[in-house]
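> If you scroll down you'll find the structure; I have some questions about it.
Just so you know, all these numbers are worked out from the coordinates, no wet-lab data involved. All of these numbers come straight from a predicted model, not from anything done at the bench. Neighbour counts run over all protein chains shown; Cβ positions are idealised from the backbone, glycine included.
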Amino acid sequence: MLKTGIRWYLVALGLIGCAALAALLLCPASPTFTTPVYAHDAPDPAVIRADDGVFYAYTTQSLYSDRINIPILRSADLVQWELVGDAFPEWPDWVMGDLWAPHIIRYRDRFYLYYSAREYGSGNMAIGVAVADDPLGPFVDKGAPLARGPSFTTIDPFVLEVDGQLYLYWGSAGAPIRVQPLAEDGLSLVGEAQAVLWPSKDLARGYESLVEGPWIIQHGSYYYLMYSGNACCGDHAHYAVMVARSRSPFGPFEKYEENPILESNEKFWAPGHNATIQDFAGQDWILYHAMRQGDVTQQRYMLLDRIEWRDGWPVINDGQGPSWAPQVGPVVRPVR
């Protein structure tokens, strides 16, 4: 009994690593790893952990041997990933292409996949939703957009659940990031949309003339809104991750004075559009895309880094951009 109490005390303090915990039969040893954790084009990842401890990531459309509309990746440890499916082997009827930036939630024992796509007829980007009983699908689409907007202002959905209420966040193209409540079934919007974060013309905030890719992580008494800004890709990509916080999911959100929290370095450039996930020790991790410096393919690989909390704000790799040195991996449970 005393040994068990000491063991959990050490876990709580984070004083011993997973290798030591393995000896105490708490978890398998976590090997070291280096980024990227998935060396294939995998932009805008969203991640979820299923009941069996397996992680699933969903990304923007990508070309494998065939075109995959919404790739589904699977991992037991957040480090080794494999392609296991396509959320949409066929486009939903209202879609004419460009399936971007999916977001996945578990709600009422089902999996809800929110995503951006180009609407047939208007040519504008819109947000759709599909539902499945399993993270691999099949996903059944609602059959019409959940939200519409001009150009690509209405992309990059993120859904937050607070006390049983779902909130949809989205935004891009020089428009603010907005939030609006979802109906009880998660398939339609109710109430009014409210702007929670505006782009900035302040040159000192050089990544914020366009803000997109919202992802909220709760820590302590705050909601931390992570977001990405400026140009995600191409020859002139200029992209980074920023953060703002609020005590309410509706804001007002206070921007971190030390933004950005993740930007280019000598190994990787244009990092952004992140997700976050906790391992089984309660450690927060950030999953995101970035391009390798000097890589002419400009593929956006999937990277993983640890989140540290200092003075009430998230810090990634001591503010040095994406890591490339070996680091200890997440704490995971054996997959049965």
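> For a footprinting-style exposure proxy, rank 269, 324, 198 by other Cβ within 10 Å, fewest first.
Ranking 269, 324, 198 by Cβ neighbours within 10 Å, fewest first, gives 198, 324, 269.
> Right, here's the next one. With just the Cα atoms defining each centre, how far is segment 181-260 from segment 264-295? Give it in Å.
Here the two parts' Cα centres lie 17 Å apart.
> Net charge around residue 321, counting only other residues with Cβ within less than 11 Å of its Cβ (Lys, Arg = +1; Asp, Glu = -1)?
-3
> Quick one: length gained pulling residue 328 to residue 65 fully straight, 0.36 nm per residue minus the C-alpha distance?
Extending this stretch completely gives an extra 91.4 nm.
> Out of these labelled values of Cα extents along the principal axes in Å, [x] 84, 54, 40; [y] 57, 44, 38; [z] 65, 46, 43, which was calculated from the coordinates shown here?
Correct label, based on the coordinates given: [z].
> With the contact rule set at Cα under 8 Å and sequence spacing of 6 or more, what percent relative contact order holds for segment 31-328?
That works out to 15 percent.
> Moving to a separate point now. Please give, to one decimal in nm, the separation of the simple spin-label points placed at residue 192 and residue 136, each 7 Å out from Cα toward the Cβ.
4.7
> Next up: What is the sum of charges around residue 246, taking Lys and Arg as +1, Asp and Glu as -1, for the other residues whose C-beta is under 14 Å from the C-beta of residue 246?
+2
> Take 119, 184 and order them by how many other Cβ atoms sit within 10 Å, fewest up front.
The most exposed by this proxy come first: 184, 119.
> Could you work out [θ]222 nm for the chain from helices alone, using -39500 (n - 2.57) per DSSP H run of at least four and dividing by all its residues? Round to the nearest 500 deg cm²/dmol.
That comes out to -1500 deg cm²/dmol.
> Follow-up question, since we're still on this one. Quick one: net charge around residue 92, please, counting Lys, Arg +1 and Asp, Glu -1 for every other residue with C-beta under 14 Å from its C-beta.
Charge balance in the 14 Å sphere: -4.
> Just name one of 157, 167, 307: the one whose Cα is farthest towards the positive end of the charge dipole of the chain (beta-carbon charges, Lys/Arg +1, Asp/Glu -1).
Positive-end residue among those listed: 307.
> Specify the angular offset, from 0 to 90 degrees and rounded to the nearest 10, of the alpha carbon long axis of helix 2-13 from the longest principal axis of the alpha carbons in the chain.
Its long axis makes an angle of about 40 degrees.
> May I ask you to order 68-76, 216-224 by the average number of other C-beta atoms within 10 Å around their residues, highest value first?
So the peptides 68-76, 216-224, ranked by packing, come out 68-76, 216-224.
> Compute the distance in nm between two label points, each set 7 Å from the Cα along the Cα-to-Cβ direction, one at residue 106 and one at residue 50.
The modelled label-to-label distance comes out at 1.1 nm.
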